[in-house]
1. If you scan segment 29-70, which residues turn out to be of a type in the set (Val, Ile, Thr) and either in a loop (DSSP other than H, G, I, E, B) or farther than 21 Å from Gly17 by Cα (or both)?
2. Residues to consider are Gly43, Gly30, Gly26, Gly12; find the one that is modelled with pLDDT under 90 and of a type outside the set (Lys, Arg).
3. On the given criteria, is Val52 touching a Pro at 6+ places or on another chain (Cβ under 9 Å) and either in contact (Cβ under 8 Å) with a residue 24 or more places away in the chain or surrounded by fewer than 14 Cβ atoms within 10 Å (Cβ to Cβ) (or both)?
Amino acid sequence: MLEDIKNNLSSGHGMTGQYDYCIFHGANAGELVNQVRAAMNNGWVPQGGVSVIAYRNDYGYFYQAMVKSE
């Protein structure tokens, strides 16, 4: 699936040029925010919204897809 996403990005679906693609994650929203801010300071740009996978009421992961032009 990740390869399909990379192919869509590089084939120009909504974007032009070559891009790196990465999914950042955190054990809570604050952790993800810190990771995303650090990545943005290094040229990464959020792509889409945040996804949350909840395993139990008190446990889950937060995910953010990001792209960076090469």
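The values are calculated or read from the model by the stated rules, or taken from the named source; none is laboratory data. This is a predicted model, so every value here is computed, not measured. Positions of Cβ are backbone-derived with ideal geometry, glycine not excepted, and every protein chain shown enters the neighbour counts.
1. Val33, Val36, Val50, Val52, Ile53
2. Criteria check complete, one pass: Gly12.
3. It is false that Val52 is touching a Pro at 6+ places or on another chain (Cβ under 9 Å) and either in contact (Cβ under 8 Å) with a residue 24 or more places away in the chain or surrounded by fewer than 14 Cβ atoms within 10 Å (Cβ to Cβ) (or both).
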